[in-house]
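Quick note: the coordinates plus some simple rules give every number you see, no bench work behind them. These figures come from a predicted structure and were not determined experimentally. Quick reminder, even Gly has a Cβ in these numbers, built from the backbone with ideal geometry, and neighbours come from all protein chains shown.
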């Protein structure tokens, strides 16, 4: 899939907007791994001589728009969509049970954590919509998590292509080695951000008392 996306968009007018549109399509149920799309966006940016930060900004908007589509689908069509066979393939009863347990355990903060669980990300957002979670709460928590993860994967694609584009086999080996590390790095940054926010909140509360 990675090679197919690179080949399809490379050298075209869709080097930037192609991955963006795919991120939107993910919100409509197209089963494409979001992290791969973000890495592709970084590769195409490097190939096209663009800086990765503006590209990450565009992808960030695409990610939030796609996630919002999933959330809205859950809110307005949740029960009816779950009756469809193609939806049950994407959101199986086993996944439904996992998501229900996840929400029972983590509550609203599960919307933040869901960004770092690729296999459960879409079901979590769909369930949040069907459970009538407030859209503002959803977009703030999801947006904060995406603000951490999206730049990491776009930067990874940009950096890998800049260093290994002359040897495609070595590029793929480097990608295999680092993709998991990028997810772990995102999780570490997210945990640090949450811990820092809680520390500041408790400190402020202690001063107020």
_Choice from 50, 173, 121 showing the highest fluctuation, given a GNM over the chain with Cα pairs closer than 10 Å_ = 173
_Calculated FRET value between residue 164 and residue 135, using beta carbons and R₀ = 25 Å, to 0.05_ = 0.05
*asked:* Roughly how far apart, in whole Å, are the Cα centres of the range 106-178 and the range 1-41?
replied: 14
*Expressed as a rounded percentage, what relative contact order does the range 100-200 have, with Cα pairs under 8 Å and six or more residues apart?*
25
_Nearest-ten-degree value, helix 52-82 long axis tilted from longest Cα axis of the chain_ = 50
*asked:* Neighbour counts of other C-beta atoms within 10 Å: give me 69, 131, 59, 1 arranged from fewest to most.
replied: 1, 131, 69, 59
*For the chain, rounded, prolate or oblate, judged on the Cα gyration tensor with a ≥ b ≥ c (square roots of eigenvalues), a/c < 1.5 rounded, else prolate if a/b > b/c?*
oblate
